[in-house]
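**Q** Sharing a structure, written as structure tokens. Questions coming.
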Amino acid sequence: MKLGRTMKGLALAGLATMSLAGCAADTGIVENSSLAVAQVNSITSFNSLTTNGNVDSNGNLTYLMQSSFNYYDDQTALHRNEQFGTYELISQDPMVVKYTINKGVTWSDGVAVDAADLLLNWAAQSGVLNTITANDAPYDPETYALGESGEVYFDCAAIGGGLEEVSQVPVIGDGGRSITMTYDKPMVDWEILFTSAGMPAHIVGEHALGLTDAQAAKDAVIAAIQNDDEAALIPLSYFWSTGFDYVSMPEDTSVTVGNGAYVVTDFTDQYITLTARGAAYHAGPQPKIESITIRNIPDSLAEVQALANGEVSIIMPQASSDTVAAIQALDGVTMTSQPGLIYEHIDLTFNNGGPFDPAAYNGDDATALLVRKAFLTAIDVNDMVNKLIKPLDPTVTPLMSQVFLKGIAGYEGSVAKNGSSAYGQGDAEAAAAMLTEAGVTTPIDVCFMWNANNSRRNQEYPLYVEDLAPAGFNLVDCSDPSWSARLGDGSYDAVLFGWIFTSMAVTSSQGTFDSTGGNNFSGYNSPAVDDLFTQLSGEFDHDAQVAILQDIDKQIFADAYGIPLFQEPGIMAYDSSLSNVSASPLSPQFFWNFWEWEAPATTTE
């Protein structure tokens, strides 16, 4: 399982209108049917695997654009998609897994999906070929783009999540349609570590290497990976990492190529429209809706108003008492709620020379630890939850684990011994005493970042200012509408955002807390935690897995990494005339079964 960043509230809404009752031949797609959806944040990348693109808004887009070997339903059950391809566990020790793309599966430009794509996806997600790590300085785009200098670096959020254990280049077979991976050790989450073909190898090869023929580009990508050709891998890794980042329709639309049910046909800074591929699509179930438009509606109440006006059909706004009340006042609308696999948290930065970094105290780890503990001790999580979250759901209480969510086996046992009760109590006096013990000068400025467009987080910030000031901390407003692009760049000292679960993997949090994890934006480096994740990834006994996770949880709190805040309640509302709409607690939430959505058809005379 991976974790995806969320710019909560994720809110999606859609107006489905059927102007003709006819279906496109042999596809089941209702001709001229359309669905408009809205989300709080805009699309920023067609590649949701990069550290910059790894946000839920981009993930929803790529779920429509890219097929996969499997997917989760609304009960978190994993289903195989054998219309796209197959995967097989050849042996468990050594662990060997084979992935095969079906014949006839193509990218939207007609080029076959094959082993070149799978091999590039392995290179990107494993990081095995990288010659710098995620914690090194960012590369220079001028030199990387030319491939004349610099280092190989696939800037992938999945690095450190398990595929690094496939340390040898996978073997191509089946006439170029399959790859076979051999793991260095058995991996408990093997079935969900590698789930798609990733980005189109021929597009990456053409752009990065200046080629014009798709097959030549594929061959060049394969050769570069198999030969560990740094001169070619530098521009390939750079383009893979940055070449799909757009906020409006690119002049060269080749970067919008996908292998899924939909392709991008229009894109501005206000919306993006996708159109079904129809008979050209063979890699999964056909959708019934011909076109989907994703629109930006940042305000949750504005989404509810759009639903009331009949402009949208589904919304999943950030939960608040005002939003719920507004939905409940609507007629002809169905609202559902469930505990979401999304949690709010504050993370501290360990490697930017700021107040939580030992480097600020001449490398004194003990002083930096005391400052971090003081910060987390002064924050009053109960007060924030009582004021902002309980009016929505009286049952919500603070989350007190970094690796378990409530209701998951091991949560209660972990809370009992992880040390989380020392934090989040709003004890400014104890926090001030820690700063005195540390011998630091106060007030301590802390650059605090969050999404400036998020209304609830705008409400949270002044509460934290009030908590921290008496302890000796001066929170500096570093909010930014483009906050996600800054994650890990060292420009802030603390950040408030949410993680959303994308799968049910045992090692779900490894990419965040492992020192080389692709989602490790804090610069956190604990050899003890790294060793525990290494044990966990090869452990198949459930009780032993829980025990290891509890040890990881305890160490993270001991290091004063940050603080979890609460598990976010999820609400969805939709036009009651729609059929087959349900929300999954995992990302991509209600998009999980887009191919089953139906709306009443209307006909024209």
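The values are calculated or read from the model by the stated rules, or taken from the named source; none is laboratory data. It should be emphasised that the depicted structure is a prediction, and the values quoted were computed from it without experimental measurement. Every residue, glycine among them, receives a Cβ derived from its backbone with ideal geometry; neighbour counts consider all protein chains shown.
**Q** I'm trying to understand the selection: among the residues of the range 467-520, which are in a helix (DSSP H, G or I), closer than 19 Å to Gly127 by Cβ and not hydrophobic (A, V, I, L, M, F, W, C)? Spell out the reasoning first.
**A** Let us first name the residues in the range 467-520 that are in a helix (DSSP H, G or I), namely 467-471, 483-486, 510-513.
From what is left, the residues that are closer than 19 Å to Gly127 by Cβ are 510-513.
Within the range 467-520, Gln510, Gly511, Thr512 qualify.
**Q** Identify, from the list Ser515, Ser491, the residue that is in contact with a Cys (Cβ under 8 Å, 6 or more places away or on another chain) and surrounded by fewer than 19 Cβ atoms within 10 Å (Cβ to Cβ).
**A** Working: Ser515 fails: in contact with a Cys (Cβ under 8 Å, 6 or more places away or on another chain).
None of the other options fit; the residue is Ser491.
**Q** Does Ala573 satisfy being of a type outside the set (Asp, Glu), over 26 Å from Gly53 (Cβ atoms) and crowded, with 21+ Cβ neighbours inside 10 Å? Working first, answer last.
**A** Details: of a type outside the set (Asp, Glu): yes; over 26 Å from Gly53 (Cβ atoms): yes; crowded, with 21+ Cβ neighbours inside 10 Å: yes.
Spelling it out, Ala573 is indeed of a type outside the set (Asp, Glu), over 26 Å from Gly53 (Cβ atoms) and crowded, with 21+ Cβ neighbours inside 10 Å.
**Q** Could you list all residues from the range 170-188 that are surrounded by fewer than 20 Cβ atoms within 10 Å (Cβ to Cβ) and under 28 Å from Phe513 (Cβ atoms)?
**A** Correct list: Thr182, Asp184, Lys185, Pro186, Val188.
**Q** When you look at Ala360, is it in contact with a His (Cβ under 9 Å, 6 or more places away or on another chain) and surrounded by fewer than 20 Cβ atoms within 10 Å (Cβ to Cβ), yes or no? Explain how you work it out, then say what you get.
**A** Values: in contact with a His (Cβ under 9 Å, 6 or more places away or on another chain): no; surrounded by fewer than 20 Cβ atoms within 10 Å (Cβ to Cβ): yes.
Spelling it out, it is not the case that Ala360 is in contact with a His (Cβ under 9 Å, 6 or more places away or on another chain) and surrounded by fewer than 20 Cβ atoms within 10 Å (Cβ to Cβ).
**Q** Note down all Cβ pairs under 8 Å where the first residue falls in the range 525-544 and is β-branched (Val, Ile, Thr), the second is assigned to a helix (DSSP H, G or I), and they're at least six residues apart or on different chains.
**A** Listed pairs, sorted by first residue: Val529/Phe513; Val529/Ile552; Val529/Gln555; Val529/Ile556.
**Q** Okay, moving on. I'd like to verify a number: residues in the range 406-418 that are crowded, with 18+ Cβ neighbours inside 10 Å and touching a residue at least 12 places away in the same chain (Cβ under 8 Å), how many? Break it down stepwise before answering.
**A** Of all residues in the range 406-418, those crowded, with 18+ Cβ neighbours inside 10 Å come to 410-411, 414-415, 418.
From what's left, touching a residue at least 12 places away in the same chain (Cβ under 8 Å): 410, 414-415, 418.
Going through the range 406-418 one residue at a time, the tally reaches 4.
**Q** Within the range 385-412, track down each residue that is in a helix (DSSP H, G or I) and over 14 Å from Tyr343 (Cβ atoms).
**A** Within the range 385-412, the subset in a helix (DSSP H, G or I) is 385-389, 411-412.
The answer is Asn386, Lys387, Leu388, Glu412.
**Q** Which residues, taken from the range 108-117, are closer than 23 Å to Gln226 by Cα and in a loop (DSSP other than H, G, I, E, B)?
**A** Val111, Val113, Asp114
**Q** Ser300 versus (1) hydroxyl-bearing (Ser, Thr, Tyr); (2) more than 28 Å from the chain's Cα centre (by Cα); (3) within 20 Å of Arg457 (Cα to Cα): which is the lone unmet condition?
**A** (2)
**Q** In the range 21-72, how many are closer than 27 Å to Ala505 by Cβ and in contact (Cβ under 8 Å) with a residue 24 or more places away in the chain?
**A** Restricting attention to the range 21-72, the residues satisfying the condition of being closer than 27 Å to Ala505 by Cβ are 39-41, 43-72.
Checking the rest, the ones that are also in contact (Cβ under 8 Å) with a residue 24 or more places away in the chain come to 39-41, 43-57, 59-72.
Of the residues in that region, 32 qualify.
**Q** Against the condition crowded, with 18+ Cβ neighbours inside 10 Å and either under 27 Å from the mean Cα position of the chain (by Cα) or assigned to a strand (DSSP E or B) (or both), how does Leu435 come out, does it pass? Show your work before the answer.
**A** Numbers: crowded, with 18+ Cβ neighbours inside 10 Å: yes; either under 27 Å from the mean Cα position of the chain (by Cα) or assigned to a strand (DSSP E or B) (or both): no.
No, not satisfied.
**Q** Looking at the range 235-272 only, could you name the residues that are polar (S, T, N, Q) and under 18 Å from Trp595 (Cβ atoms)? It would help to see each step written out before you state the result.
**A** In the first step, residues of the range 235-272 are kept if they are polar (S, T, N, Q); the result is 237, 241-242, 248, 253-254, 256, 259, 265, 268, 270.
Hit for the range 235-272 is Asn259, nothing else.
**Q** For the range 562-593, give me the residue count where each residue is part of a loop (DSSP other than H, G, I, E, B), touching a helix residue (DSSP H, G or I) at 6+ places or on another chain (Cβ under 8 Å) and within 19 Å of Ser320 (Cα to Cα).
**A** Restricting attention to the range 562-593, the residues satisfying the condition of being part of a loop (DSSP other than H, G, I, E, B) are 576-578, 580-588.
Subsequent filtering for residues that are touching a helix residue (DSSP H, G or I) at 6+ places or on another chain (Cβ under 8 Å) retains 580-584, 586-588.
Of the ones still in play, those that are also within 19 Å of Ser320 (Cα to Cα) are 583.
Qualifying residue count for the region: 1.
**Q** Tell me, yes or no, whether the range 270-288 has at least one residue that is more than 20 Å from Ser582 (Cα to Cα), touching a Lys or Arg at 6+ places or on another chain (Cβ under 6 Å) and not assigned by TED's automatic domain parsing to the domain that holds Ser515.
**A** The first filter runs over the range 270-288 and keeps only residues more than 20 Å from Ser582 (Cα to Cα), leaving 270-283.
With the extra rule that they be touching a Lys or Arg at 6+ places or on another chain (Cβ under 6 Å), the set shrinks to 271.
Next, only the ones that are not assigned by TED's automatic domain parsing to the domain that holds Ser515 stay: 271.
Checking the range 270-288: at least one residue is more than 20 Å from Ser582 (Cα to Cα), touching a Lys or Arg at 6+ places or on another chain (Cβ under 6 Å) and not assigned by TED's automatic domain parsing to the domain that holds Ser515.
**Q** Another one. Among the candidates Ala223, Ala217, single out the residue that is modelled with pLDDT of 95 or more, hydrophobic (A, V, I, L, M, F, W, C) and surrounded by fewer than 16 Cβ atoms within 10 Å (Cβ to Cβ).
**A** Numbers: Ala217 fails: surrounded by fewer than 16 Cβ atoms within 10 Å (Cβ to Cβ).
Going through Ala223, Ala217 in turn, just one is modelled with pLDDT of 95 or more, hydrophobic (A, V, I, L, M, F, W, C) and surrounded by fewer than 16 Cβ atoms within 10 Å (Cβ to Cβ): Ala223.
**Q** Is one or more of the residues making up the range 81-98 under 25 Å from Thr275 (Cβ atoms), part of a loop (DSSP other than H, G, I, E, B) and within 23 Å of the chain's Cα centre (by Cα)?
**A** Narrowing the range 81-98 to residues under 25 Å from Thr275 (Cβ atoms): 81, 83-85.
Subset that is part of a loop (DSSP other than H, G, I, E, B): 81, 83-84.
Subsequent filtering for residues that are within 23 Å of the chain's Cα centre (by Cα) retains 81, 84.
Yes, the range 81-98 has at least one match.
**Q** Right, next: Is it true that Asp73 is modelled with pLDDT of 85 or more, over 23 Å from Tyr271 (Cα atoms) and surrounded by fewer than 24 Cβ atoms within 10 Å (Cβ to Cβ)? Steps first, answer last, please.
**A** On the way: modelled with pLDDT of 85 or more: yes; over 23 Å from Tyr271 (Cα atoms): yes; surrounded by fewer than 24 Cβ atoms within 10 Å (Cβ to Cβ): yes.
Spelling it out, Asp73 is indeed modelled with pLDDT of 85 or more, over 23 Å from Tyr271 (Cα atoms) and surrounded by fewer than 24 Cβ atoms within 10 Å (Cβ to Cβ).
**Q** Another question, if that's okay. Take the residues of the range 226-263 that are among the aliphatic types (A, V, I, L, M) and crowded, with 24+ Cβ neighbours inside 10 Å: which is modelled with the highest pLDDT? I'd like the intermediate steps shown before the answer.
**A** At the first step, the residues of the range 226-263 found to be among the aliphatic types (A, V, I, L, M) are 231-234, 236, 247, 249, 255, 257, 261, 263.
From the residues that got through so far, the ones that are crowded, with 24+ Cβ neighbours inside 10 Å too are 233-234, 236, 261.
On the way: Leu233: 95, Ile234: 93, Leu236: 95, Ala261: 98.
So the residue we want is Ala261.
**Q** What number goes with the only condition from (1) modelled with pLDDT under 95; (2) assigned to a strand (DSSP E or B) that Asp269 does not pass?
**A** Status for Asp269: all satisfied but (2).
Conditions tested, residue by residue: (1) of a type in the set (Asp, Glu); (2) part of a loop (DSSP other than H, G, I, E, B).
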position: Glu206; (1), (2): yes, no
position: Ile225; (1), (2): no, no
position: Asp228; (1), (2): yes, yes
position: Ile234; (1), (2): no, no
position: Phe239; (1), (2): no, no
position: Tyr246; (1), (2): no, yes
position: Glu251; (1), (2): yes, yes
position: Val255; (1), (2): no, no
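**Q** Moving to a separate point now. Does Ala232 satisfy being more than 30 Å from Trp595 (Cα to Cα), without any contact (Cβ under 8 Å) to a residue 24 or more places away in the chain and in contact with a Gly (Cβ under 8 Å, 6 or more places away or on another chain)?
**A** Values: more than 30 Å from Trp595 (Cα to Cα): yes; without any contact (Cβ under 8 Å) to a residue 24 or more places away in the chain: no; in contact with a Gly (Cβ under 8 Å, 6 or more places away or on another chain): yes.
The answer is no for Ala232.
**Q** Still on this structure, I have one more. Just need a number here: residues in the range 299-352 that are outside the structural domain of Val403 (by TED's automatic domain parsing), surrounded by 19 or more Cβ atoms within 10 Å (Cβ to Cβ) and among the acidic types (Asp, Glu).
**A** Counting residues in the range 299-352 that are outside the structural domain of Val403 (by TED's automatic domain parsing), surrounded by 19 or more Cβ atoms within 10 Å (Cβ to Cβ) and among the acidic types (Asp, Glu) gives 1.
**Q** Quick check on this structure: which one of Val440, Val446 is crowded, with 18+ Cβ neighbours inside 10 Å, part of a loop (DSSP other than H, G, I, E, B), at pLDDT 95 or above and not basic (Lys, Arg)? Break it down into steps so the answer makes sense when it comes.
**A** Values: Val446 fails: part of a loop (DSSP other than H, G, I, E, B).
From the options Val440, Val446, the qualifying one is Val440.
**Q** Output the residue which, of all residues in the range 33-62 that are outside any loop (DSSP other than H, G, I, E, B) and over 19 Å from Ser584 (Cα atoms), is modelled with the lowest pLDDT.
**A** Ala36
**Q** Give the residues of the range 466-484 that are surrounded by fewer than 16 Cβ atoms within 10 Å (Cβ to Cβ) and not acidic (Asp, Glu), sorted by residue number. It would help to see each step written out before you state the result.
**A** Filtering the range 466-484 down to residues surrounded by fewer than 16 Cβ atoms within 10 Å (Cβ to Cβ) leaves 466, 469-470, 474, 476-477, 481-482.
Ala469, Pro470, Asn474, Val476, Pro481, Ser482 - these are the residues of the range 466-484 that are surrounded by fewer than 16 Cβ atoms within 10 Å (Cβ to Cβ) and not acidic (Asp, Glu).
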